[in-house]
1. Residues that are in contact with a Lys or Arg (Cβ under 9 Å, 6 or more places away or on another chain) and more than 25 Å from residue 420 (Cβ to Cβ): does region 498-509 have at least one?
2. Quick one: which of 453, 484, 529 is within 20 Å of residue 418 (Cβ to Cβ) and within 36 Å of the chain's Cα centre (by Cα)?
3. Step by step: first the residues of region 306-335, then only those that are buried (at least 17 other Cβ atoms within 10 Å of the Cβ), small (Gly, Ala, Ser) and not in a strand (DSSP E or B), then the one that is modelled with the highest pLDDT. Which residue is that?
4. Looking only at region 474-484, decide whether some residue is at pLDDT below 80, in contact with a helix residue (DSSP H, G or I) (Cβ under 8 Å, 6 or more places away or on another chain) and of a type in the set (A, V, I, L, M).
5. Tally up the residues in region 209-258 that are within 25 Å of residue 315 (Cβ to Cβ), among the polar types (S, T, N, Q) and more than 43 Å from the chain's Cα centre (by Cα), please.
6. If you check residue 301 against the conditions, is it aliphatic (A, V, I, L, M), in contact with a strand residue (DSSP E or B) (Cβ under 7 Å, 6 or more places away or on another chain) and modelled with pLDDT of 90 or more?
7. Which residue, of 219, 249, is free of Cβ contacts under 8 Å to residues at least 60 places away in the same chain and under 19 Å from residue 320 (Cα atoms)?
Amino acid sequence: MRLFLLATCCLVVTVSANFRARFDKRAFQQVHHHGGHHDIQITVYPNDQNVRDGRDVTFDCRARSDDNTVYPSVRWTKVGGPLPRTASESNGRLTISPTSLSDSGQYVCIASHEGRTVEAYAQLNVQSFGPQELQVGGAVGGRCMADEKTCQNSECVKSDYVCDGEYDCRDRTDEQNCPPARACEPNEFKCSNSKCVQKMWLCDGDDDCGDNSDEQSCGASRPGDVCQPTEYRCADGRQCVPQSFQCDGTNDCRDGSDEVGCVQPTVVEPPETAKQVPVGTTFKLNCRAVAVPEAYINWRLNWGPVCDPPRCTQTSEGGVGTLTVNNAQEIDQGAYTCEAINVKGRVLATPDCILYVRGPLCDQCDVGSFYLHDKAPQGCLKCFCSGVTKQCQSSRWYRTKEKLTFTGGDAQGVTISDFQELDVQTNPNYEFGIRGMLTYTGAQDETVYWRLPGRFLGDKVTAYGGTMSFEFQYSGSGSLRNDPLVVLKGNEITLVYRHSDRGQIVADRPNTISIDMYETSWEREDGQPVTD
(Lines give C-alpha, C1' and ligand atoms only; values in the text may rest on other atoms or scores of the structure.)
Protein backbone atom coordinates (compact mmCIF):
# COMPACT_ATOMS: atom_id res chain seq x y z
CA MET A 1 0.00 0.00 0.00
CA ARG A 2 1.31 3.42 -0.96
CA LEU A 3 -0.03 6.62 0.57
CA PHE A 4 0.69 10.10 -0.74
CA LEU A 5 -0.02 13.29 1.21
CA LEU A 6 -0.11 16.55 -0.73
CA ALA A 7 1.31 19.80 0.59
CA THR A 8 -2.12 21.44 0.68
CA CYS A 9 -3.07 19.86 4.00
CA CYS A 10 -4.48 22.82 5.93
CA LEU A 11 -5.39 21.39 9.30
CA VAL A 12 -4.95 18.35 11.50
CA VAL A 13 -5.65 14.77 10.57
CA THR A 14 -5.03 13.24 14.00
CA VAL A 15 -5.12 15.68 16.89
CA SER A 16 -4.39 15.18 20.56
CA ALA A 17 -5.88 18.32 22.00
CA ASN A 18 -6.69 19.77 25.40
CA PHE A 19 -9.52 22.26 24.95
CA ARG A 20 -9.50 25.21 27.34
CA ALA A 21 -11.76 28.22 27.78
CA ARG A 22 -10.09 31.62 27.49
CA PHE A 23 -11.55 34.94 28.51
CA ASP A 24 -10.46 38.56 28.49
CA LYS A 25 -9.33 39.52 31.99
CA ARG A 26 -10.73 43.04 32.30
CA ALA A 27 -13.43 43.89 34.78
CA PHE A 28 -15.09 40.56 34.02
CA GLN A 29 -13.70 37.09 34.63
CA GLN A 30 -15.11 33.59 34.42
CA VAL A 31 -13.74 30.46 36.07
CA HIS A 32 -14.83 26.97 35.00
CA HIS A 33 -15.33 24.31 37.63
CA HIS A 34 -15.11 20.74 36.43
CA GLY A 35 -17.26 17.89 37.62
CA GLY A 36 -20.67 19.44 37.08
CA HIS A 37 -20.02 22.58 39.11
CA HIS A 38 -20.79 26.13 38.08
CA ASP A 39 -19.06 28.76 35.99
CA ILE A 40 -18.67 31.82 38.23
CA GLN A 41 -18.74 35.26 36.65
CA ILE A 42 -17.51 38.32 38.55
CA THR A 43 -18.05 41.92 37.53
CA VAL A 44 -16.65 45.19 38.85
CA TYR A 45 -18.31 48.47 37.94
CA PRO A 46 -16.70 50.83 37.14
CA ASN A 47 -13.26 49.33 36.68
CA ASP A 48 -11.34 52.62 36.53
CA GLN A 49 -11.97 55.92 38.32
CA ASN A 50 -10.10 59.22 38.59
CA VAL A 51 -11.02 61.41 41.57
CA ARG A 52 -9.54 64.28 43.49
CA ASP A 53 -8.43 63.88 47.09
CA GLY A 54 -11.19 64.53 49.56
CA ARG A 55 -13.86 63.15 47.26
CA ASP A 56 -15.85 59.95 47.87
CA VAL A 57 -15.57 56.98 45.54
CA THR A 58 -17.46 53.70 45.22
CA PHE A 59 -16.88 50.45 43.34
CA ASP A 60 -19.54 47.76 42.97
CA CYS A 61 -18.72 44.07 42.67
CA ARG A 62 -20.96 41.12 42.00
CA ALA A 63 -20.41 37.40 41.41
CA ARG A 64 -22.91 34.89 40.09
CA SER A 65 -23.03 31.54 38.35
CA ASP A 66 -23.80 31.46 34.64
CA ASP A 67 -27.17 29.82 35.33
CA ASN A 68 -28.11 32.36 38.03
CA THR A 69 -28.46 29.72 40.76
CA VAL A 70 -25.41 30.65 42.86
CA TYR A 71 -24.40 34.11 44.11
CA PRO A 72 -21.13 33.81 46.06
CA SER A 73 -20.25 36.49 48.58
CA VAL A 74 -17.44 38.85 47.63
CA ARG A 75 -14.80 40.80 49.51
CA TRP A 76 -12.45 43.65 48.62
CA THR A 77 -8.75 44.10 49.19
CA LYS A 78 -6.03 46.37 47.86
CA VAL A 79 -3.03 45.17 45.90
CA GLY A 80 0.10 45.59 47.99
CA GLY A 81 -1.57 46.52 51.26
CA PRO A 82 -4.71 46.78 53.38
CA LEU A 83 -7.81 48.74 52.50
CA PRO A 84 -7.67 52.44 53.40
CA ARG A 85 -8.72 53.46 56.90
CA THR A 86 -11.67 55.36 55.44
CA ALA A 87 -12.89 52.38 53.38
CA SER A 88 -16.01 50.34 54.10
CA GLU A 89 -17.65 47.31 52.48
CA SER A 90 -21.34 46.49 52.21
CA ASN A 91 -22.97 43.89 49.97
CA GLY A 92 -20.18 44.02 47.41
CA ARG A 93 -19.86 47.81 47.40
CA LEU A 94 -16.50 49.32 48.33
CA THR A 95 -16.77 52.93 49.52
CA ILE A 96 -13.81 55.16 50.34
CA SER A 97 -15.02 58.33 52.05
CA PRO A 98 -13.09 60.55 51.78
CA THR A 99 -10.20 59.61 49.51
CA SER A 100 -6.57 60.65 49.94
CA LEU A 101 -3.57 60.54 47.62
CA SER A 102 -2.30 57.34 49.28
CA ASP A 103 -5.49 55.52 48.28
CA SER A 104 -4.41 55.39 44.64
CA GLY A 105 -3.78 51.89 43.38
CA GLN A 106 -5.39 48.68 42.26
CA TYR A 107 -8.23 47.09 44.19
CA VAL A 108 -9.30 43.46 43.94
CA CYS A 109 -12.76 41.98 44.37
CA ILE A 110 -12.55 38.30 45.31
CA ALA A 111 -15.26 35.65 45.18
CA SER A 112 -14.78 32.09 46.46
CA HIS A 113 -16.95 29.10 45.62
CA GLU A 114 -16.39 25.36 46.00
CA GLY A 115 -12.70 25.79 46.70
CA ARG A 116 -12.06 28.00 43.68
CA THR A 117 -11.36 31.73 43.64
CA VAL A 118 -12.12 34.30 40.96
CA GLU A 119 -10.99 37.92 40.96
CA ALA A 120 -11.76 41.19 39.18
CA TYR A 121 -9.75 44.38 39.39
CA ALA A 122 -10.50 48.09 39.68
CA GLN A 123 -8.07 50.98 39.32
CA LEU A 124 -8.31 54.12 41.47
CA ASN A 125 -6.31 57.25 40.72
CA VAL A 126 -6.49 60.01 43.34
CA GLN A 127 -5.08 63.39 42.38
CA SER A 128 -4.25 66.48 44.41
CA PHE A 129 -6.76 69.31 44.56
CA GLY A 130 -6.60 72.93 43.43
CA PRO A 131 -4.86 75.32 41.02
CA GLN A 132 -1.25 76.43 41.27
CA GLU A 133 0.01 79.88 40.42
CA LEU A 134 2.34 79.95 37.43
CA GLN A 135 5.72 81.09 38.72
CA VAL A 136 7.87 83.04 36.27
CA GLY A 137 10.71 80.79 35.29
CA GLY A 138 9.22 77.89 37.23
CA ALA A 139 8.19 76.02 34.09
CA VAL A 140 10.09 75.62 30.87
CA GLY A 141 9.33 78.59 28.65
CA GLY A 142 6.88 80.01 31.21
CA ARG A 143 4.25 77.44 30.28
CA CYS A 144 2.27 74.88 32.27
CA MET A 145 3.51 71.32 32.57
CA ALA A 146 2.56 68.64 30.04
CA ASP A 147 -0.18 67.26 32.33
CA GLU A 148 -1.64 70.71 33.04
CA LYS A 149 -3.90 73.23 31.32
CA THR A 150 -3.57 77.01 31.37
CA CYS A 151 -6.42 79.14 32.68
CA GLN A 152 -7.10 82.50 31.04
CA ASN A 153 -5.63 84.18 34.13
CA SER A 154 -2.38 82.20 33.59
CA GLU A 155 -2.97 79.74 36.43
CA CYS A 156 -2.18 76.08 35.85
CA VAL A 157 -4.55 73.25 36.77
CA LYS A 158 -4.31 69.52 36.23
CA SER A 159 -5.75 68.43 32.89
CA ASP A 160 -8.06 66.01 34.69
CA TYR A 161 -9.70 68.95 36.48
CA VAL A 162 -10.87 70.55 33.24
CA CYS A 163 -14.59 70.05 32.56
CA ASP A 164 -15.12 67.96 35.70
CA GLY A 165 -18.10 70.00 36.86
CA GLU A 166 -16.24 72.09 39.45
CA TYR A 167 -14.36 75.36 39.15
CA ASP A 168 -10.62 75.06 39.71
CA CYS A 169 -9.39 78.13 37.85
CA ARG A 170 -10.18 81.28 39.83
CA ASP A 171 -11.61 82.79 36.65
CA ARG A 172 -13.69 79.60 36.10
CA THR A 173 -12.39 79.15 32.57
CA ASP A 174 -11.69 75.43 33.19
CA GLU A 175 -15.45 74.79 32.91
CA GLN A 176 -16.05 76.71 29.68
CA ASN A 177 -16.81 75.07 26.30
CA CYS A 178 -17.11 71.64 27.89
CA PRO A 179 -18.69 68.57 26.28
CA PRO A 180 -21.84 67.05 27.80
CA ALA A 181 -21.40 65.81 31.35
CA ARG A 182 -20.74 62.13 32.03
CA ALA A 183 -23.62 59.74 32.37
CA CYS A 184 -24.84 58.96 35.87
CA GLU A 185 -24.52 55.53 37.43
CA PRO A 186 -27.47 53.14 36.91
CA ASN A 187 -28.73 53.82 40.46
CA GLU A 188 -28.30 57.59 40.15
CA PHE A 189 -30.62 60.34 38.96
CA LYS A 190 -29.32 63.06 36.63
CA CYS A 191 -30.35 66.47 37.91
CA SER A 192 -31.27 69.34 35.63
CA ASN A 193 -27.86 70.86 36.43
CA SER A 194 -26.18 67.57 35.34
CA LYS A 195 -25.31 66.58 38.90
CA CYS A 196 -25.88 62.93 39.81
CA VAL A 197 -27.65 61.92 43.03
CA GLN A 198 -28.93 58.62 44.41
CA LYS A 199 -32.33 57.63 43.03
CA MET A 200 -33.51 56.74 46.52
CA TRP A 201 -33.18 60.45 47.38
CA LEU A 202 -35.88 61.40 44.89
CA CYS A 203 -38.89 63.09 46.48
CA ASP A 204 -37.51 62.72 50.01
CA GLY A 205 -37.97 66.37 50.96
CA ASP A 206 -34.28 67.30 50.61
CA ASP A 207 -32.83 69.33 47.74
CA ASP A 208 -29.96 66.98 46.91
CA CYS A 209 -29.46 68.27 43.36
CA GLY A 210 -29.03 71.87 44.44
CA ASP A 211 -31.58 72.99 41.85
CA ASN A 212 -34.49 71.10 43.47
CA SER A 213 -34.98 68.98 40.33
CA ASP A 214 -34.95 65.80 42.46
CA GLU A 215 -38.01 67.11 44.33
CA GLN A 216 -40.14 67.76 41.27
CA SER A 217 -42.74 65.44 39.72
CA CYS A 218 -43.42 63.91 43.12
CA GLY A 219 -47.16 63.73 42.72
CA ALA A 220 -49.91 65.64 44.46
CA SER A 221 -51.55 65.10 47.81
CA ARG A 222 -54.80 63.18 47.76
CA PRO A 223 -57.91 64.40 49.54
CA GLY A 224 -57.59 63.66 53.23
CA ASP A 225 -53.79 63.29 53.20
CA VAL A 226 -52.18 64.86 56.24
CA CYS A 227 -48.64 64.91 54.81
CA GLN A 228 -47.15 65.84 51.47
CA PRO A 229 -45.85 63.11 49.11
CA THR A 230 -42.31 64.05 50.13
CA GLU A 231 -43.04 63.66 53.86
CA TYR A 232 -43.23 60.82 56.36
CA ARG A 233 -46.28 60.66 58.60
CA CYS A 234 -45.42 59.89 62.20
CA ALA A 235 -47.33 57.12 63.96
CA ASP A 236 -49.40 59.55 66.03
CA GLY A 237 -50.84 60.87 62.76
CA ARG A 238 -50.34 64.49 63.81
CA GLN A 239 -46.78 65.19 62.72
CA CYS A 240 -45.03 65.12 59.34
CA VAL A 241 -41.27 65.09 58.78
CA PRO A 242 -39.27 64.97 55.51
CA GLN A 243 -38.92 61.42 54.21
CA SER A 244 -35.14 61.84 54.34
CA PHE A 245 -35.44 61.98 58.17
CA GLN A 246 -36.82 58.44 58.39
CA CYS A 247 -34.23 55.99 59.71
CA ASP A 248 -31.45 58.59 59.79
CA GLY A 249 -30.49 57.72 63.37
CA THR A 250 -32.23 60.70 64.97
CA ASN A 251 -35.73 60.81 66.46
CA ASP A 252 -37.53 63.50 64.50
CA CYS A 253 -41.07 62.39 65.30
CA ARG A 254 -42.13 63.23 68.86
CA ASP A 255 -43.15 59.60 69.31
CA GLY A 256 -39.88 58.32 67.80
CA SER A 257 -41.74 56.31 65.16
CA ASP A 258 -39.45 57.50 62.35
CA GLU A 259 -36.66 55.32 63.80
CA VAL A 260 -38.72 52.17 64.45
CA GLY A 261 -38.33 48.95 62.45
CA CYS A 262 -35.59 50.23 60.15
CA VAL A 263 -34.27 47.39 57.99
CA GLN A 264 -32.59 46.98 54.64
CA PRO A 265 -34.64 45.65 51.70
CA THR A 266 -35.58 42.03 51.12
CA VAL A 267 -36.72 41.07 47.64
CA VAL A 268 -39.88 38.99 47.94
CA GLU A 269 -40.90 38.87 44.28
CA PRO A 270 -37.91 38.85 41.90
CA PRO A 271 -38.40 39.24 38.15
CA GLU A 272 -38.97 36.19 35.98
CA THR A 273 -35.77 34.29 35.23
CA ALA A 274 -36.01 34.09 31.43
CA LYS A 275 -37.99 35.97 28.85
CA GLN A 276 -38.22 35.98 25.05
CA VAL A 277 -39.68 38.95 23.22
CA PRO A 278 -39.99 39.72 19.49
CA VAL A 279 -38.01 42.67 18.21
CA GLY A 280 -40.00 45.91 18.07
CA THR A 281 -42.42 44.95 20.85
CA THR A 282 -42.86 46.28 24.40
CA PHE A 283 -42.03 44.22 27.47
CA LYS A 284 -42.18 44.82 31.22
CA LEU A 285 -40.27 43.43 34.19
CA ASN A 286 -41.53 43.65 37.78
CA CYS A 287 -39.84 43.31 41.14
CA ARG A 288 -41.09 43.79 44.72
CA ALA A 289 -39.18 44.30 47.95
CA VAL A 290 -40.13 44.95 51.57
CA ALA A 291 -38.11 47.34 53.73
CA VAL A 292 -38.26 50.23 56.18
CA PRO A 293 -38.02 52.85 54.79
CA GLU A 294 -39.76 51.80 51.60
CA ALA A 295 -37.27 50.43 49.06
CA TYR A 296 -36.55 52.14 45.78
CA ILE A 297 -36.39 49.60 42.93
CA ASN A 298 -33.70 50.26 40.34
CA TRP A 299 -32.85 48.23 37.22
CA ARG A 300 -29.54 47.33 35.61
CA LEU A 301 -28.73 45.63 32.31
CA ASN A 302 -25.52 43.59 32.35
CA TRP A 303 -24.60 45.61 35.44
CA GLY A 304 -24.79 48.85 33.47
CA PRO A 305 -27.70 51.20 32.76
CA VAL A 306 -30.82 50.29 30.83
CA CYS A 307 -31.78 52.35 27.78
CA ASP A 308 -32.76 55.99 28.25
CA PRO A 309 -36.30 57.41 28.40
CA PRO A 310 -38.66 57.53 26.68
CA ARG A 311 -37.85 54.07 25.25
CA CYS A 312 -37.12 52.74 28.73
CA THR A 313 -39.04 53.94 31.78
CA GLN A 314 -38.73 52.93 35.43
CA THR A 315 -41.30 53.35 38.19
CA SER A 316 -40.96 52.53 41.88
CA GLU A 317 -43.85 52.90 44.29
CA GLY A 318 -44.71 51.04 47.45
CA GLY A 319 -41.65 48.81 47.08
CA VAL A 320 -42.81 47.64 43.64
CA GLY A 321 -40.64 48.48 40.67
CA THR A 322 -41.56 48.17 37.01
CA LEU A 323 -39.24 48.48 34.04
CA THR A 324 -40.93 49.12 30.69
CA VAL A 325 -38.92 48.78 27.48
CA ASN A 326 -40.55 49.93 24.25
CA ASN A 327 -39.48 48.88 20.75
CA ALA A 328 -37.23 46.06 21.98
CA GLN A 329 -33.93 45.77 20.11
CA GLU A 330 -31.08 43.29 20.05
CA ILE A 331 -29.03 45.62 22.29
CA ASP A 332 -31.66 45.08 25.01
CA GLN A 333 -30.64 41.41 25.40
CA GLY A 334 -28.83 40.31 28.52
CA ALA A 335 -29.14 39.97 32.30
CA TYR A 336 -31.57 42.37 33.96
CA THR A 337 -30.94 42.93 37.67
CA CYS A 338 -33.49 44.23 40.16
CA GLU A 339 -31.72 46.40 42.75
CA ALA A 340 -33.64 47.32 45.92
CA ILE A 341 -32.18 50.29 47.83
CA ASN A 342 -32.87 52.27 50.99
CA VAL A 343 -30.78 54.12 53.58
CA LYS A 344 -30.08 50.86 55.44
CA GLY A 345 -28.54 49.08 52.48
CA ARG A 346 -29.26 47.47 49.16
CA VAL A 347 -29.87 43.98 47.82
CA LEU A 348 -29.85 42.46 44.36
CA ALA A 349 -32.66 40.14 43.38
CA THR A 350 -31.62 36.61 42.46
CA PRO A 351 -31.67 35.27 39.90
CA ASP A 352 -31.37 37.84 37.14
CA CYS A 353 -33.87 37.90 34.32
CA ILE A 354 -32.16 36.75 31.13
CA LEU A 355 -33.80 38.42 28.16
CA TYR A 356 -33.61 37.27 24.54
CA VAL A 357 -34.89 39.35 21.64
CA ARG A 358 -36.08 37.48 18.54
CA GLY A 359 -36.24 39.14 15.16
CA PRO A 360 -39.32 38.83 12.90
CA LEU A 361 -37.20 38.74 9.75
CA CYS A 362 -35.32 35.52 10.62
CA ASP A 363 -32.13 37.52 11.02
CA GLN A 364 -31.48 36.65 14.68
CA CYS A 365 -30.74 33.37 16.43
CA ASP A 366 -33.12 31.74 18.90
CA VAL A 367 -32.23 30.70 22.43
CA GLY A 368 -29.78 27.80 22.50
CA SER A 369 -28.26 28.72 19.14
CA PHE A 370 -25.80 31.21 17.69
CA TYR A 371 -23.96 32.31 14.53
CA LEU A 372 -26.47 32.91 11.73
CA HIS A 373 -24.90 31.15 8.73
CA ASP A 374 -25.98 29.51 5.49
CA LYS A 375 -24.29 26.21 6.45
CA ALA A 376 -26.57 25.72 9.43
CA PRO A 377 -29.70 23.66 8.55
CA GLN A 378 -31.89 25.83 10.80
CA GLY A 379 -30.09 29.08 9.95
CA CYS A 380 -28.19 29.19 13.26
CA LEU A 381 -25.87 26.70 14.90
CA LYS A 382 -27.12 24.82 17.94
CA CYS A 383 -25.05 25.44 21.05
CA PHE A 384 -22.69 22.49 21.57
CA CYS A 385 -21.02 22.77 24.96
CA SER A 386 -20.72 19.10 25.99
CA GLY A 387 -23.86 19.39 28.11
CA VAL A 388 -22.44 22.16 30.34
CA THR A 389 -24.82 24.89 29.17
CA LYS A 390 -27.22 25.73 26.35
CA GLN A 391 -26.38 29.43 26.40
CA CYS A 392 -23.70 30.55 23.96
CA GLN A 393 -22.78 33.31 21.57
CA SER A 394 -20.32 33.91 18.76
CA SER A 395 -16.81 34.73 19.93
CA ARG A 396 -14.66 37.60 18.74
CA TRP A 397 -11.70 35.35 18.01
CA TYR A 398 -10.35 34.90 14.52
CA ARG A 399 -8.92 31.91 12.70
CA THR A 400 -5.48 31.38 11.26
CA LYS A 401 -4.52 28.77 8.67
CA GLU A 402 -2.07 26.00 9.46
CA LYS A 403 -0.46 24.51 6.36
CA LEU A 404 2.11 21.82 5.57
CA THR A 405 4.56 22.19 2.68
CA PHE A 406 6.69 19.19 1.68
CA THR A 407 9.78 20.39 -0.15
CA GLY A 408 13.44 19.44 -0.13
CA GLY A 409 12.90 16.08 1.53
CA ASP A 410 11.47 17.63 4.71
CA ALA A 411 8.54 15.69 6.23
CA GLN A 412 7.70 18.65 8.54
CA GLY A 413 7.47 16.38 11.59
CA VAL A 414 4.72 14.15 10.17
CA THR A 415 4.85 10.63 11.62
CA ILE A 416 2.95 7.38 10.98
CA SER A 417 0.71 5.77 13.60
CA ASP A 418 -1.97 3.16 14.11
CA PHE A 419 -5.45 4.14 15.33
CA GLN A 420 -4.62 3.68 19.02
CA GLU A 421 -1.23 5.45 18.69
CA LEU A 422 0.43 2.41 20.21
CA ASP A 423 2.77 1.96 17.25
CA VAL A 424 4.15 5.34 16.22
CA GLN A 425 6.84 5.42 13.55
CA THR A 426 8.79 8.60 14.23
CA ASN A 427 11.26 8.07 11.38
CA PRO A 428 9.43 6.19 8.61
CA ASN A 429 10.99 5.70 5.20
CA TYR A 430 9.32 8.48 3.25
CA GLU A 431 9.72 9.12 -0.45
CA PHE A 432 9.57 12.52 -2.14
CA GLY A 433 9.39 11.38 -5.78
CA ILE A 434 6.12 13.19 -6.52
CA ARG A 435 6.41 16.97 -6.35
CA GLY A 436 4.79 18.39 -3.24
CA MET A 437 3.75 14.94 -2.00
CA LEU A 438 4.90 12.91 0.98
CA THR A 439 4.85 9.18 0.13
CA TYR A 440 4.75 6.21 2.52
CA THR A 441 4.82 2.53 1.49
CA GLY A 442 3.45 -0.05 3.93
CA ALA A 443 2.01 -3.54 4.15
CA GLN A 444 -1.27 -4.20 2.36
CA ASP A 445 -3.12 -5.41 5.46
CA GLU A 446 -2.37 -2.50 7.79
CA THR A 447 -4.35 0.69 8.47
CA VAL A 448 -2.15 3.65 9.26
CA TYR A 449 -2.68 7.35 9.79
CA TRP A 450 -0.65 10.43 9.12
CA ARG A 451 0.10 11.90 12.57
CA LEU A 452 0.65 15.64 12.32
CA PRO A 453 3.29 17.65 14.19
CA GLY A 454 2.99 19.65 17.40
CA ARG A 455 1.82 22.93 15.91
CA PHE A 456 -1.43 21.20 14.95
CA LEU A 457 -2.01 20.06 18.53
CA GLY A 458 -3.30 21.85 21.62
CA ASP A 459 -6.12 24.38 21.89
CA LYS A 460 -7.90 24.49 18.53
CA VAL A 461 -11.22 25.95 19.69
CA THR A 462 -11.03 28.64 17.00
CA ALA A 463 -11.18 25.92 14.34
CA TYR A 464 -14.88 25.51 15.14
CA GLY A 465 -16.88 26.67 12.14
CA GLY A 466 -13.84 26.50 9.87
CA THR A 467 -12.74 23.87 7.36
CA MET A 468 -10.26 21.01 7.43
CA SER A 469 -9.04 20.21 3.94
CA PHE A 470 -6.37 17.89 2.60
CA GLU A 471 -5.49 16.01 -0.57
CA PHE A 472 -4.23 12.43 -0.71
CA GLN A 473 -3.55 9.72 -3.25
CA TYR A 474 -3.16 5.97 -2.84
CA SER A 475 -2.19 2.97 -4.97
CA GLY A 476 -3.73 -0.46 -4.49
CA SER A 477 -6.63 -2.70 -5.46
CA GLY A 478 -9.81 -3.92 -3.82
CA SER A 479 -12.53 -2.05 -1.94
CA LEU A 480 -11.78 0.53 0.73
CA ARG A 481 -12.11 -0.43 4.36
CA ASN A 482 -14.69 1.28 6.55
CA ASP A 483 -12.02 2.65 8.87
CA PRO A 484 -12.30 6.33 9.84
CA LEU A 485 -10.64 8.68 7.42
CA VAL A 486 -9.76 11.28 10.08
CA VAL A 487 -9.37 10.94 13.86
CA LEU A 488 -9.51 13.71 16.47
CA LYS A 489 -8.43 13.04 20.05
CA GLY A 490 -8.63 15.23 23.15
CA ASN A 491 -9.71 15.13 26.81
CA GLU A 492 -10.01 11.33 26.60
CA ILE A 493 -12.60 11.72 23.82
CA THR A 494 -12.11 10.33 20.32
CA LEU A 495 -14.09 11.67 17.36
CA VAL A 496 -13.88 10.21 13.87
CA TYR A 497 -14.83 11.27 10.37
CA ARG A 498 -16.06 8.76 7.79
CA HIS A 499 -16.51 9.97 4.25
CA SER A 500 -20.19 9.72 3.26
CA ASP A 501 -19.49 8.58 -0.32
CA ARG A 502 -16.42 6.37 -0.51
CA GLY A 503 -17.21 5.67 -4.15
CA GLN A 504 -15.80 9.11 -4.91
CA ILE A 505 -12.40 8.08 -3.55
CA VAL A 506 -10.44 6.37 -6.33
CA ALA A 507 -6.93 4.97 -6.63
CA ASP A 508 -3.95 6.49 -8.42
CA ARG A 509 -5.23 10.04 -8.57
CA PRO A 510 -5.49 12.94 -6.08
CA ASN A 511 -8.57 12.94 -3.84
CA THR A 512 -9.55 16.19 -2.12
CA ILE A 513 -11.41 16.03 1.20
CA SER A 514 -12.99 19.08 2.90
CA ILE A 515 -14.67 18.77 6.30
CA ASP A 516 -16.78 21.50 7.92
CA MET A 517 -15.62 21.79 11.53
CA TYR A 518 -18.99 21.35 13.22
CA GLU A 519 -20.02 18.57 15.58
CA THR A 520 -22.47 17.27 12.96
CA SER A 521 -19.52 16.27 10.76
CA TRP A 522 -18.15 13.85 13.35
CA GLU A 523 -19.22 10.76 15.25
CA ARG A 524 -17.94 8.69 18.13
CA GLU A 525 -15.91 5.52 17.64
CA ASP A 526 -19.03 3.37 18.00
CA GLY A 527 -20.87 5.36 15.33
CA GLN A 528 -23.06 7.33 17.75
CA PRO A 529 -23.63 11.03 17.01
CA VAL A 530 -21.40 13.48 18.84
CA THR A 531 -24.37 15.48 20.12
CA ASP A 532 -26.00 12.60 22.05
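1. Here is the first cut: in region 498-509, the residues in contact with a Lys or Arg (Cβ under 9 Å, 6 or more places away or on another chain) are none.
No: zero hits.
2. Numbers: 484 fails: within 36 Å of the chain's Cα centre (by Cα); 529 fails: within 20 Å of residue 418 (Cβ to Cβ).
Exactly one residue qualifies, and that residue is 453.
3. 319
4. Within region 474-484, one or more residues are at pLDDT below 80, in contact with a helix residue (DSSP H, G or I) (Cβ under 8 Å, 6 or more places away or on another chain) and of a type in the set (A, V, I, L, M).
5. 2
6. Working: aliphatic (A, V, I, L, M): yes; in contact with a strand residue (DSSP E or B) (Cβ under 7 Å, 6 or more places away or on another chain): yes; modelled with pLDDT of 90 or more: no.
No.
7. Details: 249 fails: under 19 Å from residue 320 (Cα atoms).
Among 219, 249, only 219 is free of Cβ contacts under 8 Å to residues at least 60 places away in the same chain and under 19 Å from residue 320 (Cα atoms).
Quick grid of which residues meet (1) surrounded by 17 or more Cβ atoms within 10 Å (Cβ to Cβ); (2) at pLDDT 80 or above; (3) closer than 12 Å to residue 121 by Cβ:
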position	(1), (2), (3)
26	no, no, yes
33	no, no, no
39	yes, no, no
42	yes, yes, yes
48	no, yes, yes
56	no, yes, no
59	yes, yes, yes
63	yes, yes, no
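The values are calculated or read from the model by the stated rules, or taken from the named source; none is laboratory data. The structure displayed is predicted, hence computed values, not measured ones. In this analysis, Cβ positions are derived from the backbone assuming ideal geometry, glycine residues included, and neighbour counts consider all displayed protein chains.
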